[in-house]
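Enquirer: Dumping the structure here so I can ask a few things about it.
The values are calculated or read from the model by the stated rules, or taken from the named source; none is laboratory data. Please read all numbers here as calculations on a predicted model, not as lab measurements. Reconstructed Cβ throughout: ideal geometry from the backbone, glycine too, with neighbour counts over all protein chains shown. Side chains included, ligands, DNA and RNA excluded: accessible areas come from the protein's heavy atoms. Shrake-Rupley method; radii C 1.70, N 1.55, O 1.52, S 1.80 Å.
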Amino acid sequence: MKFYMPTVVYDEPECVKAHAFELASLGKKALIVTGKNSASRCGALSDVTKALWDNDTPYCIFSEVEENPSVETVLRAAAFGKANNADFVVGIGGGSPMDAAKAAAFLMKQDSPEAEMLYDSNFPSSHLPVAEVPTTCGTGSEVTGVSVLTRHQKRMKKSIPHRIFPALALIDGKYLYSAPHSMIVNTAVDALAHLVESYLVKASNDYSRAAVMEGLHVWSRSKEVLAGERKPEAEDCSNLMRASALAGIAISQTGTSLPHALSYILTYEMKMPHGMACGYFLPGFIAEADKKDRKAIAKAACFARPKEMYSFIRDVLSLDEIVVPDEILELAYRTVLADRKRLEGCLFDADETVLGRIAGRSTADGTHNNQL
Ligand SMILES: [Fe+2]
């Protein structure tokens with residue numbers, strides 16, 4: 001059994017300020033990688049710049065990371081960081097800036113960064129030190145080695161093969177407080193998908209499942225917020241961010257499974273938010289698991305039975321109002337069907353028929369799982 005998690009995690013109020021010296025000690029000059037607005041709106045950017053400033057550490061800011069960052073964007077971020085002689089990287093934001101920060105840290109280590117290096121698994125994975133400050137509650141990127149980028153050339157989103165674990169994760173629930181409800185819901189469902197998928201793959205073990213079970217429990221404390229039944233309080237923001245980090249710890253051991261694999265096509269072709277796209281397939285995926293696993297997952301997330309969990313996911317994402325064209329479902333199905341490793345990695349037997357049901361594909365007998 002293996003458990004590997006090299007990231008130092010501080011999950012507490014005002015942790016950027018409290019651990020400013022540790023952050024600044026990662027190098028001599030920081031490249032801060034963010035999206036256009038969210039990092040400054042929630043206060044994380046000013047906290048990080050103050051922490052660096054207070055410790056006499058200069059920085060430069062690349063704030064052009066888009067949703068689902070492209071290979072081209074990370075090349076630009078790396079070129080900007082190199083031109084400014086930065087020797088460590090701080091990602092601030094949701095999964096997009098955090099993933100872009102990791103890829104930029106990898107490219108900046110190379111003498112002449114090129115796009116091909118990103119997807120060449122034979123290329124050494126060495127990288128500059130990375131710190132991550134999450135501002136959403138889904139990706140868990142602050143504690144994983146994963147960086148998912150969009151490859152426009154291949155019309156798809158895909159993880160790079162290099163594992164780039166952050167040296168430091170600074171998690172403060174206050175950065176979530178100003179996020180729109182829809183964003184909290186979408187990212188919290190992403191975290192839920194990470195937890196469930198990690199549990200339902202053969203690579204899971206007692207250590208990863210401990211993170212999953214606690215993650216589901218922590219996540220469940222804020223279900224009323226996700227359902228829109230009450231406004232989030234500071235504790236909810238901390239809970240949701242912690243659940244996301246626990247989910248990240250779990251998937252960094254096991255990887256994700258079929259809902260994530262199927263989701264990428266919906267995000268690419270329909271611009272569907274990542275968490276929603278994973279949530280679209282999640283009930284159907286759980287429904288295929290063994291009864292004892294379905295029950296264990298639902299119970300850990302404080303649902304009386306699995307069916308309640310399916311309805312909850314569908315309701316908070318308003319999935320009944322969303323129509324995914326058959327040709328896109330078919331494309332998602334075909335893409336994942338070709339990925340034998342993913343199918344074989346499932347804890348339950350995932351053959352062509354089962355995958356078809358999870359993908360909500362119209363079948364001859366009319367069975368599918370996306371309306372559970
Ligand atoms: Fe995800």
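Enquirer: Report the Stokes-Einstein translational diffusion coefficient (µm² s⁻¹, integer) for region 204-324, Rh taken as the Kirkwood radius over Cα pairs, at 4 °C with viscosity 1.567 mPa s.
Expert: 86
Enquirer: Moving on to the next point. Given a cut-off of 30 Å, what percent of all Cα-Cα pairs of region 8-175 lie beyond it?
Expert: The answer is 8 percent, as a whole percent.
Enquirer: So how much slack lies between LYS29 and LYS2, counting 0.36 nm per residue of separation and subtracting their Cα-Cα distance, in nm?
Expert: 6.3 nm
Enquirer: Could you work out Rg/(2.2 N^0.38 Å) for region 104-176, with Rg from alpha carbons only?
Expert: Dividing the Cα radius of gyration by 2.2 N^0.38 Å gives 1.20.
Enquirer: Just to verify a number: what accessible area does ARG294 come out at with the full protein assembly present, 1.4 Å probe, Å² rounded to tens?
Expert: 60
Enquirer: Tell me the per residue accessible area of the chain using a 1.4 Å probe; a whole number in Å² is fine.
Expert: For the chain, the per-residue accessible area is 42 Å².
Enquirer: Can you check what the net charge comes to around GLY255, using other residues whose Cβ is under 11 Å from the Cβ of GLY255 (Lys, Arg +1; Asp, Glu -1)?
Expert: Here the charged neighbours net out to +2.
Enquirer: Then there's this: Against the 2.2 N^0.38 Å scaling, with N counting residues, where does the chain land? I'd like the Cα-based Rg ratio to two decimal places.
Expert: Expressed relative to 2.2 N^0.38 Å, the Cα Rg reads 0.95.
Enquirer: If you don't mind, another one. What FRET efficiency, computed as 1/(1 + (r/R0)^6) with R0 = 41 Å and r the Cβ-Cβ distance, is obtained for VAL323 and SER46, rounded to the nearest 0.05?
Expert: Efficiency computed from Cβ-Cβ geometry: 0.50.
Enquirer: Now for a different question. Suppose the chain between ASP349 and SER125 were pulled fully straight at 0.36 nm per residue; how much longer would it get relative to their current alpha carbon spacing?
Expert: Taking 0.36 nm per residue and subtracting the Cα distance, the gain is 77.3 nm.
Enquirer: Assuming a ≥ b ≥ c are the square roots of the Cα gyration tensor eigenvalues, decide whether region 1-104 counts as rounded (a/c under 1.5), prolate (otherwise, with a/b larger than b/c) or oblate.
Expert: rounded
Enquirer: For a quick check, take a GNM of the chain with Cα springs below 10 Å and name the residue from ALA167, ALA304, ALA101 with the largest mean-square fluctuation.
Expert: Judging by the Gaussian network model, the answer is ALA304.
Enquirer: So, with a 1.4 angstrom probe, what is the percent of accessible area on region 200-318 that is carbon and sulfur?
Expert: Carbon and sulfur: 50 percent of the exposed surface of region 200-318.
Enquirer: State the Cα centre-to-centre distance between region 175-224 and region 305-334 in whole Å.
Expert: If you average the Cα positions of each part, the centres end up 18 Å apart.
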